[in-house]
Ligand code: SAH
């Protein structure tokens, strides 16, 4: 019988599993705290649990682990990029970033990605599988253990499309924010999506405190469809409708991400169209210079982002320029995993 991944169980599931084993229900909370507060990697460290019960736990459950395959530290800023090996030998990337207000972690939600965005390195090595809730949690737990810092912000912007792994991502968020566990506030979580419209409606119903980020990157359907194939299924109009619904259902402001790319989306008419599209929407635009991916031709001229920001501001749209962190360690998502993949071929 395959052992159950105990770190992916919520408290209720753990209670039922223990009751089924003939154990007392209250043990579940003790074990849950060992796993999510003290974050022990081993049942033998659970010292207030009897040795007999620890043995029974080992027979039925396993505590999943992540292993540091590679750790790159930036010389420019304090960004650290981890390439983690999962228990089945697959790799994911996690990036630790330092800001004035604390440490923020960018985690992956899938091994690879199906979405095929043209400018993104994650699309190149293809899709393998979804991450489990425990594999998302462990990116936080392991990074805190390895770096010795406390993570206060979380962004779901690593490899993968979070809304394409909807159930596991939501379970991960509920485990992360559980008051008997890590008790992490969802106010400090940003979830980024390429625009899976039906899932945006589903998420709106949950009224979570997180910040929804939409990878928009273009205000024109034909160019967006070219760089982001998802636009052929859910076009800009459908996406903006979903965003308006999300804002009115949750009362939360949305962030639109826009990677400024030469000859694709950086002209004056692109800024005009974008301003028109977002007029009256409670949102904010995050402009990003494109990260160079060696297989791809996309570039951002040195002054293009600041110029685009100025154009948007002039048209009354709130825009900020994202600071580039870890540019010397290939901190753009998907680049390390793609290289590890190539080396093993
Ligand atoms: N699948 C999700 C989250 C992962 S990507 C999404 O699409 O939002 C996180 C962000 O990085 C997205 O906005 C994505 O469009 C952007 N991104 C991907 N590759 C990039 C690159 N080479 N340069 C700049 N931004 C990139």
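Being surrounded by 15 or more Cβ atoms within 10 Å (Cβ to Cβ) and either modelled with pLDDT under 95 or within 16 Å of the ligand (Cβ to nearest atom) (or both) is a property that residue 69 lacks.
Counting only strands (runs of 3 or more DSSP E) that sit wholly inside the range 38-142, those with at least 1 residues that are without any contact (Cβ under 8 Å) to a residue 60 or more places away in the chain and either under 20 Å from residue 162 (Cα atoms) or touching a helix residue (DSSP H, G or I) at 6+ places or on another chain (Cβ under 8 Å) (or both) are 80-85, 91-99, 102-106. Can you find even one residue in the range 238-250 that is assigned by TED's automatic domain parsing to the domain that holds residue 205, over 27 Å from residue 188 (Cα atoms) and in contact (Cβ under 8 Å) with a residue 12 or more places away in the chain? For the range 238-250, residues assigned by TED's automatic domain parsing to the domain that holds residue 205, over 27 Å from residue 188 (Cα atoms) and in contact (Cβ under 8 Å) with a residue 12 or more places away in the chain: present. Could you tell me whether any residue of the range 183-195 is within 13 Å of the ligand (Cβ to nearest atom) and in a loop (DSSP other than H, G, I, E, B)? Yes, some residue in the range 183-195 is within 13 Å of the ligand (Cβ to nearest atom) and in a loop (DSSP other than H, G, I, E, B). Residue-level check: of (1) within 13 Å of the ligand (Cβ to nearest atom); (2) surrounded by 15 or more Cβ atoms within 10 Å (Cβ to Cβ); (3) under 30 Å from residue 281 (Cα atoms); (4) modelled with pLDDT of 70 or more, residue 327 misses just (3).
Of the residues in the range 202-213, at least one is within 11 Å of the ligand (Cβ to nearest atom), within 26 Å of residue 188 (Cβ to Cβ) and either in a loop (DSSP other than H, G, I, E, B) or in contact (Cβ under 8 Å) with a residue 40 or more places away in the chain (or both).
Of (1) away from the ligand (no atom under 16 Å from the Cβ); (2) outside any helix (DSSP H, G or I), residue 159 satisfies all except one. Which? Condition (1) is where residue 159 drops out.
The values are calculated or read from the model by the stated rules, or taken from the named source; none is laboratory data. Predicted, not measured: the structure shown is a model, and the values here were computed from it. Using ideal geometry, Cβ is built from the backbone for each residue, glycine included, and neighbour counts are taken over all protein chains shown.
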